[in-house]
Amino acid sequence: MMPAFEKHETADSAFVSWGWINPPDAGNDADAAAHAAPPMPSRSFDLLKPIRQRLDNIKVQDAEFARFLCKRIPSQCPFERDIKLFGYTILHIPPLCKLNPLYDEVVALRFRALCYLADSCGEDVTVYC
């Protein structure tokens with residue numbers, strides 16, 4: 001397959017849309033393999049996979065546990081700071097939480113806890129934001 005684009009013009013603007021078209025010999029397997037996207041590298045061993053799976057499998061079914069999670073997992077990165085001197089910002093420390101390899105799983109767990117409190121318990125979750 002090869003990338004192609006179409007240009008759609010109106011009176012005052014132009015739109016470009018992208019798509020994939022099949023090569024003329026799409027029936028030939030050798031040609032199809034030659035035009036296929038390169039294979040993605042696979043990781044043979046992920047040391048954190050069991051921990052990720054365990055975090056993803058935590059069920060939030062208790063309001064007290066959900067409140068505990070919402071209080072302990074911050075809504076924003078606590079490491080982000082502005083260092084000021086005489087009212088001027090001299091240094092900005094960016095959010096470092098995304099360097100955590102389990103960041104997505106922890107944020108998803110907090111989201112599940114917030115959803116449980118809001119949907120099942122009918123609580124106002126703005127206090128946790």
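Looking at this structure, is PRO101 exposed (fewer than 10 other Cβ atoms within 10 Å of the Cβ), at pLDDT 60 or above, under 23 Å from the mean Cα position of the chain (by Cα) and not in a strand (DSSP E or B)? When the stated conditions are applied, PRO101 does not pass them.
The single condition from (1) in contact (Cβ under 8 Å) with a residue 12 or more places away in the chain; (2) more than 24 Å from LEU48 (Cα to Cα); (3) surrounded by 14 or more Cβ atoms within 10 Å (Cβ to Cβ) that ALA118 fails is (1).
Quick grid of which residues meet (1) farther than 25 Å from GLU64 by Cβ; (2) exposed (fewer than 13 other Cβ atoms within 10 Å of the Cβ):
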position: TYR88; (1), (2): yes, yes
position: LEU91; (1), (2): yes, yes
position: CYS97; (1), (2): yes, no
position: GLU123; (1), (2): no, no
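Residues that are exposed (fewer than 12 other Cβ atoms within 10 Å of the Cβ) and not charged (D, E, K, R) within the range 72-86 comprise SER75, GLN76, PRO78, ILE83, LEU85, PHE86, listed in sequence order.
The values are calculated or read from the model by the stated rules, or taken from the named source; none is laboratory data. Model, not experiment: these values are computed from the prediction. As a convention, Cβ positions derive from the backbone with ideal geometry for all residues, glycine included, and neighbour counts pool all protein chains shown.
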